[in-house]
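*Asks:* Dropping a structure here in structure tokens format, bear with me for questions.
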Amino acid sequence: MNSNASSEAAASHPEEKVEKTEEHSPRQRIWYKSAPHASLPRDTEDIISEATRPLVDIPDALSRPHVQTSLNNNLLEIMAWNLMESLTAENEYNQHIRRFLNIILGDDPDTAHLELFDTQDMQESAYHDQLLQLVQESLSRSDEFLYRVTKSRDRVVYAMEQKVQLKRQLDKASK
């Protein structure tokens, strides 16, 4: 009986139903506000056309401000420096992990005389094995991180060398 009353009320007032759907319409997104075909400001179009214009010769390349900026910036040097700092910090951490692993294994000459774990107690032996596994995993992850950061830094240094060579060639050709 209640469902009939609500359907009769909805049928007699269809505009109320429309208003409710308008309230629940999806909210506008930022990217819907501007049309995808909206034109760029004139100065932006000029900058883009200048930057994407084909190179005619070396003096033409050197006259472009974005080429000069790319050749003269020090972003690669900063990146190489930051990667070296990461390598240094991780290497120090890695050495601590290695020392701790040697202590756990009983291979450290400074602590070899200490009995840190009772190998006769099964529960303590299980804890020792878990700790050993965790330290080995940590060391493995640290080694992998060192490897990847070293490779990344090597590539950045190579790019720096290539940039210097390109700059020399352009300077030599422009004279």
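*Asks:* Take the residues of region 112-135 that are surrounded by fewer than 14 Cβ atoms within 10 Å (Cβ to Cβ) and within 30 Å of residue 83 (Cα to Cα): which is farthest from the chain's Cα centre (by Cα)?
*Replies:* Checking each candidate, the answer is 133.
*Asks:* Taking the condition of being open to solvent by 80 Å² or more (accessible area, probe 1.4 Å) and not charged (D, E, K, R), how many residues in region 42-52 meet it?
*Replies:* 3
*Asks:* Would you mind stating whether residue 96 is open to solvent by 90 Å² or more (accessible area, probe 1.4 Å) and either of a type outside the set (Ser, Thr, Tyr) or modelled with pLDDT of 95 or more (or both)?
*Replies:* yes
*Asks:* Which pairs do you get when a residue that is at negative phi, found in region 64-84, comes within reach of a residue that is loosely packed, with under 12 Cβ neighbours inside 10 Å and not in a helix (DSSP H, G or I), reach meaning Cβ atoms under 9 angstrom, with the pair 6+ apart or on two chains?
*Replies:* If the second residue must be loosely packed, with under 12 Cβ neighbours inside 10 Å and not in a helix (DSSP H, G or I), the pairs left are 64/53; 64/55; 67/55.
*Asks:* Restricting to region 53-78, what's the tally of residues that are open to solvent by 90 Å² or more (accessible area, probe 1.4 Å) and under 22 Å from the mean Cα position of the chain (by Cα)?
*Replies:* Within region 53-78, residues that are open to solvent by 90 Å² or more (accessible area, probe 1.4 Å) and under 22 Å from the mean Cα position of the chain (by Cα) number 1.
*Asks:* Moving on. Which one is least open to solvent (accessible area, probe 1.4 Å), of the residues in region 79-93 that are within 23 Å of residue 158 (Cβ to Cβ) and among the charged types (D, E, K, R)?
*Replies:* Selected residue: 90.
*Asks:* When the residues of region 136-169 are narrowed to those that are among the hydrophobic types (A, V, I, L, M, F, W, C) and under 20 Å from the mean Cα position of the chain (by Cα), which ends up surrounded by the fewest Cβ atoms within 10 Å (Cβ to Cβ)?
*Replies:* Across region 136-169, the extreme among qualifying residues is 159.
*Asks:* Check off (1) free of Cβ contacts under 8 Å to residues at least 60 places away in the same chain; (2) in a helix (DSSP H, G or I) for residue 116 and give me the number that stays unchecked.
*Replies:* (2)
*Asks:* List the residue pairs whose Cβ atoms are under 8 Å apart, where the first residue sits in region 159-175 and is closer than 17 Å to residue 73 by Cα, the second is small (Gly, Ala, Ser) and surrounded by 11 or more Cβ atoms within 10 Å (Cβ to Cβ), and the two are 6 or more positions apart or on different chains.
*Replies:* 160/80; 170/61
*Asks:* Residue 76 is checked against (1) under 30 Å from residue 162 (Cβ atoms); (2) modelled with pLDDT of 95 or more and fails just one. What number does that condition carry?
*Replies:* If we test residue 76 against (1) under 30 Å from residue 162 (Cβ atoms); (2) modelled with pLDDT of 95 or more, just (2) comes out false.
The values are calculated or read from the model by the stated rules, or taken from the named source; none is laboratory data. Just so you know, these numbers come straight off a predicted model, no measurement behind them. Note that each Cβ is placed from the backbone with ideal geometry, even for glycine, and that neighbours are counted across all protein chains shown. SASA here: full protein model, heavy atoms, side chains in, ligands and nucleic acids out. Shrake-Rupley method; radii C 1.70, N 1.55, O 1.52, S 1.80 Å.
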